[in-house]
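Colleague: Shown below is the structure under consideration.
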Amino acid sequence: MIDLNTATAQELDAVSQLKGHGFEIVRYREERGRFDALRQLDEVPGLTGKWDGAETEVEVRSV
């Protein structure tokens, strides 16, 4: 499983539902802080509703 809060853009791009959005996800995380839940992926520009199914490969680990 890939942690949404520590993954690189390349690691995120390797997840088919997130492909091409790794850079935006990392930028969102750097600007707004850690993700608390996967549903916050809907707030990443261009990713709303497109990440369904990523739950099998991506998680948000608590600190």
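Colleague: Work out the length of the dipole vector of the chain about its Cα centre, built from +1 on the beta-carbon of each Lys and Arg and -1 on the beta-carbon of each Asp and Glu, and round it to the nearest 20 debye. Don't jump to the answer; show the numbers that get you there.
Modeller: Details: 8 positive and 13 negative charges, 22 e Å.
Value, rounded to 20: 100 debye.
Colleague: Could you list Val26, Val60 in order of exposure, starting from the residue whose Cβ has the fewest other Cβ atoms within 10 Å? Spell out each step's value before the answer.
Modeller: Values: Val26 18, Val60 15.
Fewest-to-most ranking of Val26, Val60: Val60, Val26.
Colleague: Right, next: Would you mind checking which residues have amide H under 5 Å from Ile2's amide H? H placed 1.01 Å from N; only 5 or more apart, or other chain.
Modeller: For Ile2, the qualifying residues are Val58, Glu59.
Colleague: Okay, moving on. If I stretch the segment between Asp52 and Ala14 completely, what's the gain in nm (0.36 nm per residue apart, minus their alpha carbon distance), one decimal? Kindly include the intermediate steps, with their values, before the conclusion.
Modeller: On the way: separation 38, 0.36 × 38 = 13.68 nm, distance 1.49 nm.
This chain segment gains 12.2 nm when fully extended.
Colleague: Would you calculate a helix-derived [θ] at 222 nm for the chain, using -39,500 (n - 2.57) for each DSSP H run of n ≥ 4 and dividing by the full residue count, to the nearest 500? Let's see the in-between values first.
Modeller: Values: 2 runs with 16 residues, N = 63.
The helix-only estimate for the chain comes to -7000 deg cm²/dmol at 222 nm.
Colleague: Does the range 16-63 come out rounded, prolate or oblate, given a ≥ b ≥ c as the square roots of the eigenvalues of its C-alpha gyration tensor, rounded meaning a/c under 1.5 and, failing that, prolate meaning a/b above b/c? Display every interim value, and only then the final one.
Modeller: Details: a/c = 1.67, a/b = 1.11, b/c = 1.50.
Because a/c hits 1.5 or more and a/b fails to exceed b/c, the range 16-63 counts as oblate.
Colleague: Still on this structure, please answer the following. Below 13 angstrom from the Cβ of Met1, what's the summed charge of the other residues (Lys, Arg +1; Asp, Glu -1)? Each step should come with its number before you reach the end.
Modeller: Working: positive: Arg61; negative: Asp3, Glu11, Glu55, Glu57, Glu59.
Value of the local net charge: -4.
Colleague: If you don't mind, there's one more thing I want to ask. Could you please report the charge total around Gly20, scoring K, R as +1 and D, E as -1 over all other residues with beta-carbon less than 14 angstrom from its beta-carbon?
Modeller: 0
Values in this text are rule-based calculations from the coordinates and carry no lab data. Everything numeric here is computed off the predicted structure, so don't read it as measured data. Don't worry about glycine lacking a Cβ; one is built from the backbone with ideal geometry, like all the others, and counts go over all protein chains shown.
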